[in-house]
Amino acid sequence: MDVPKPRILTRRWGLEGSHTLAVARKHGAYESLRKALTMEPSAITQVVKDSGLRGRGGAGFPTGVKWGFVPPPEKRGDKPVYLICNADESEPGTFKDRYCIWNDPHALIEGCLIAAWAIGAKTAYIYLRGEFKFVKDRLDAALAEAREAGLVGRNILGTGIDIDVWTHLGAGAYICGEETALLSSLEGGRGQPKLKPPFPAVEGAWRCPTIVNNVETLQVVPWLIEHGAAAYRAIGTEKSPGTKLFSCSGHIRRPGVYELPLGYPMIELLNDECGGLHDGRTLKAVIPGGSSVPVMTPDEVARATMDYESINEVAGSYLGSGGFIVMDDRTDLVAALANLLRFYAHESCGQCSPCREGTGWMHSILQRLAAGEATEFDIATLRDVANNIHSRTICFFGASAAMPVQSFLKKFPEEFFGRAGVDVPDDWQPRAASAK
Ligand SMILES: Cc1cc2nc3c(=O)[nH]c(=O)nc-3n(C[C@H](O)[C@H](O)[C@H](O)COP(=O)(O)O)c2cc1C
Ligand code: SF4
């Protein structure tokens, strides 16, 4: 599409040595920090609020509003405030955050420092997925350089302000991307989610006020301080301002991470940025926001734009973390879904029965369906199990496992019944009466 494609997150990607302090500083790194440390913390939060930036971890919650939930000093007493950067990134189909850190670690460090100053935190932790040792090593090297240059730690840039940033490697569990599980893991406990409220902004790490933000979210912040909220709002759509990183994978010619303004037509992301499908293939389905969101049909793909509102209005799905998974006509959707459920059954933390038992049931039914060993009654059971997980669990993982199943059964029923050797029944109801 012939629209400007400003580079906010990727502006230093591709420069030789972009991960080093020298190259990053030559191209503007830490100038926003210098400016931010002269601003009142509340003024920074206001810029982020005015920009309309929405969290890029999946839920799209307005970032400035979340920062505003930290209780003021008179209410929180002597409790410290923490900033946590969520770099767990274990959602199948999502691989943008590791690119952010790999290509521009100083943008993340700068984003963390500015965010910490805005919310009153003196300590920030960057929690990385266990498999990201190589990413952590690069980030640690960048942190060491920044610390040596007086940009991190005590008396930053001679201002008298102290903010430290530490990295922490998890043990490789998907559930540790869920913010309350992440905090438990960071504290040294089991990575298991807790019921909310209390929300981390009020009672988070070590029961102190804590803001958890995604890597991409924090990496936007230096640009916001440099260019202002209005410049950000001029990009994207009214309700989904700015640019977003899309992790594109599957049956496309050019898989990779693309930065595009929100509101970009989905079909153009597929055909232009991703290079389209391979010769002779046709589109079967797309999962637009990482493996946890409902699947989309080709007709829906043709009508939707890449933003929080359109995907929901057109297809009842979500932008999520922007993991764009493309499946062409060769794809066995039953086998693909069975593979996905293998992941969820393995990753359930096991606290809630509907999730612990339901993910295992869904996986085993799908395995039997894929092998041609299940009946149409099994499909009804699969539907009922999925419908009775959503909204009945401690955390959103349960819904994340159920939504792909519910949407595949709703939008591609013939694939499933065909595997059971029967036509889709005339009275097939994708949602059971008892479901939420
Ligand atoms: C099962 C599950 C896994 C999640 N994994 C991640 C993750 O890897 N990275 C992330 O930023 N958010 C993840 N989230 C969302 C976080 O709980 C949280 O909302 C997010 O880090 C907030 O950051 P944001 O406001 O910048 O989006 C996950 C949520 C759930 C339920
Ligand atoms: S929904 Fe699943 S992952 Fe989340 S707390 Fe319950 S059992 Fe654990």
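Read-outs: derived from the displayed coordinates by stated rules, not from any lab. These numbers were taken from a predicted model, which means no experiment stands behind them. We place every Cβ from the backbone using ideal geometry, glycine too, and count neighbours over all the protein chains shown.
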PRE zone check, label point 7 Å out along Cα-to-Cβ of Thr159, amide N under 18 Å, scope the range 2-46, hits 25, 28-46
When Asp137, Asp88, Asp2 are ranked with the fewest other C-beta atoms within 10 Å first, the list becomes Asp2, Asp137, Asp88
proj_area_mean for the range 381-436 (convex hull on C-alpha atoms), units nm², value 3.8 nm²
Any trypsin sites (Lys or Arg not before Pro) in the range 370-425 that lie in a DSSP loop and have at most 14 other Cβ atoms within 10 Å would be none
Computed on Cα atoms, the radius of gyration and Dmax of the range 243-328 in angstrom are 11.2, 32
Taking alpha-carbon centroids only, the range 78-143 lies from the range 6-62 a number of Å equal to 13 Å
So Lys75 and Trp102, fully extended at 0.36 nm per residue minus their Cα-Cα distance, gain in nm 5.8 nm
Along principal axes, largest first, the alpha-carbon spread of the range 295-363 in whole Å comes out as 38, 29, 15
Between Trp428 and Met39, the two model label points (7 Å from Cα along the beta-carbon direction) sit apart by a distance in nm of 5.3 nm
At 10 °C and 1.306 mPa s, the Stokes-Einstein diffusion coefficient in µm²/s for the range 333-419, with hydrodynamic radius from the Kirkwood sum on alpha carbon pairs, is 128 µm²/s
Counting only DSSP beta bridges fully inside the chain, the antiparallel percentage to nearest 5 is 40 percent
With -39,500 (n - 2.57) per DSSP H segment of 4 or more residues and division by the full residue count of the chain, the 222 nm estimate, nearest 500 deg cm²/dmol, is -12000 deg cm²/dmol
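Hey, any idea what Rg/Rh is for the range 195-251, computing Rh the Kirkwood way over Cα pairs?
1.12
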proj_area_mean for the chain (convex hull on C-alpha atoms), units nm², value 21.1 nm²
A correct Kirkwood calculation over the Cα atoms of the range 47-194 returns a hydrodynamic radius in Å of 16.1 Å
Too long for a 19 Å Cα-Cα cut-off, among Lys66/Lys136; Lys196/Lys244; Lys239/Lys410; Lys66/Lys239; Lys284/Lys411; Lys49/Lys96, are Lys66/Lys136; Lys196/Lys244; Lys239/Lys410; Lys49/Lys96
The distance between the Cα centres of the range 339-398 and the range 226-252, in whole Å, is 34 Å
